[in-house]
Amino acid sequence: MRAALPEAHNIAELITFARRRFEAQAGTDYLELPVTVMARSEAFATFVAHLALDAPAFAAAYNAALAEYRERTGTRSAAQPFPDLAVDGDLVELPLWVIDGRRRTVWARTGERPALMVDGAVLCELGDAAEARRRLLEAGLALAPKALALTLFTRLVVADLFIHGVGGGRYDEVTEDVFRRYFGIEPTPMVVASMTVYLPLGARIVRDEEVEAAVMALNRLQHNPDQMLDDVEFDTAHERARAVALAEEKSRLVAAIAEPGADKKAVGARIREVNAELAALLAPWERQLESDLEELRRMQQASEILTDRTYPFCFWSPQEIADKAE
């Protein structure tokens, strides 16, 4: 980052330049297009002008796509995956920011004097369709698309194939619905790609399934010890023989208690005595299972830290990632 600092004009450039320097050892040669650069293009000005001059229709399609997604996925929050675009009289919210020291939402004023607005003030008078793009370019506004508008514009006029992560791929179902509802066309193809690489620390990763299996084994030992004899290593042959004899007796008692006229009280009492003796014989094994379960849970807590997906990219070797991505 220190080496990249003289070249960078802002923190986004600093991180991007530092990352590209770090990746250079893996021979990466893809191109970077900052959103701020893309948003100053003539194509983006055309896109913004079109949405602003047709804001009510666009907002209707946008909100309908969100409503359909929430209903289909059972999403209850009105803020997920994005909030609806608001409509307030002749003002219609657009999925855009203006960046002037802070991010502020852009609105379209409709009617006879269309304009871009922010916080009730005019950013740019748009005029008619023939003038809107020119006026936006001349105004030099620092506009930036919000999430859905970014992929909408990119898949509309930039990309032949759009690659998403898992989360973005799910939410971009809404974008595809907006394509069909508003533009009346099929969107550029999208693929979802994801790769989880754990930190190379040599630690064992404990899954929920392992913990659940250990819990079930302990429960079986405590409630049905006779079913666990094949898994137990006894200290002596005598202990194993006694445990097998008790298990066989319990099997006979369980069958006997179901017979007509059986003395259920007496048989039940004997079953409890057999279980108690088996439990005493298996007590060392139970303590071992409890210890193993405690250790698994401790290791699982460590696993949750070690498998966190938010560690910085520079914790991994660029060559390793490049090899896995090919």
Fill in the blank from the handout: Note on the stretch 1-39: residues within 30 Å of ASP128 (Cβ to Cβ) and touching a residue at least 60 places away in the same chain (Cβ under 8 Å) are VAL35, THR36, MET38, ALA39
Handout entry: Long-range neighbours under 8 Å by Cβ, at least six apart or interchain, first residue closer than 26 Å to ALA60 by Cβ within the stretch 179-195, second surrounded by 10 or more Cβ atoms within 10 Å (Cβ to Cβ) and of a type in the set (Asp, Glu)
Key = PRO187/GLU176; MET190/ASP172; MET190/GLU176
Handout entry: Lone unmet requirement of (1) assigned by TED's automatic domain parsing to the domain that holds ALA130; (2) under 24 Å from GLY168 (Cα atoms); (3) part of a helix (DSSP H, G or I) for THR75
Key = (3)
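Within the stretch 114-181, which strands (runs of 3 or more DSSP E) (wholly inside it) include 2 or more residues that are touching a Phe, Trp or Tyr at 6+ places or on another chain (Cβ under 8 Å) and not aliphatic (A, V, I, L, M)?
Numbers: elements: 115-118, 121-125, 143-145, 162-164.
So the answer is none; nothing clears 2.
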Completion exercise
Being in contact with a Ser or Thr (Cβ under 9 Å, 6 or more places away or on another chain) and within 30 Å of GLU326 (Cβ to Cβ) narrows ALA203, ALA193 down to just ALA203
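Restricting attention to the stretch 181-196, which residues are surrounded by 13 or more Cβ atoms within 10 Å (Cβ to Cβ) and either outside the structural domain of TYR171 (by TED's automatic domain parsing) or in contact with a strand residue (DSSP E or B) (Cβ under 7 Å, 6 or more places away or on another chain) (or both)?
Applying the first criterion (surrounded by 13 or more Cβ atoms within 10 Å (Cβ to Cβ)) to the stretch 181-196 yields 181-183, 187-188, 190, 192.
Result: THR188, MET190, VAL192.
Being touching a Lys or Arg at 6+ places or on another chain (Cβ under 9 Å), surrounded by 13 or more Cβ atoms within 10 Å (Cβ to Cβ) and assigned to a helix (DSSP H, G or I), is that true of even one residue in the stretch 238-249?
Looking for residues that are touching a Lys or Arg at 6+ places or on another chain (Cβ under 9 Å), surrounded by 13 or more Cβ atoms within 10 Å (Cβ to Cβ) and assigned to a helix (DSSP H, G or I), one finds at least one in the stretch 238-249, hence yes.
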Practice task
Evaluate the following for GLY202: is it assigned to a loop (DSSP other than H, G, I, E, B) and of a type outside the set (Phe, Trp, Tyr)?
Solution key: yes
Practice task
Might you let me know whether the stretch 257-267 holds any residue that is assigned to a helix (DSSP H, G or I), at pLDDT 85 or above and within 19 Å of ARG220 (Cα to Cα)?
Solution key: no
Exercise for the section: Pairs only if they're at least six apart or on different chains, beta carbon under 7 angstrom, first in the stretch 300-319 and surrounded by 10 or more Cβ atoms within 10 Å (Cβ to Cβ), second assigned to a helix (DSSP H, G or I) and of a type outside the set (Asp, Glu); list them, first residue then second. Expected result: GLN300/VAL211; PHE313/ARG19; CYS314/PHE22; PRO318/PHE22; PRO318/GLN25; PRO318/ALA26; GLN319/GLN25; GLN319/ALA26
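The values are calculated or read from the model by the stated rules, or taken from the named source; none is laboratory data. Given the structure is predicted, the values throughout are model-derived calculations rather than measurements. Because the Cβ atoms are built from the backbone with ideal geometry, glycine has one as well, and the counts that use them run over all protein chains shown.
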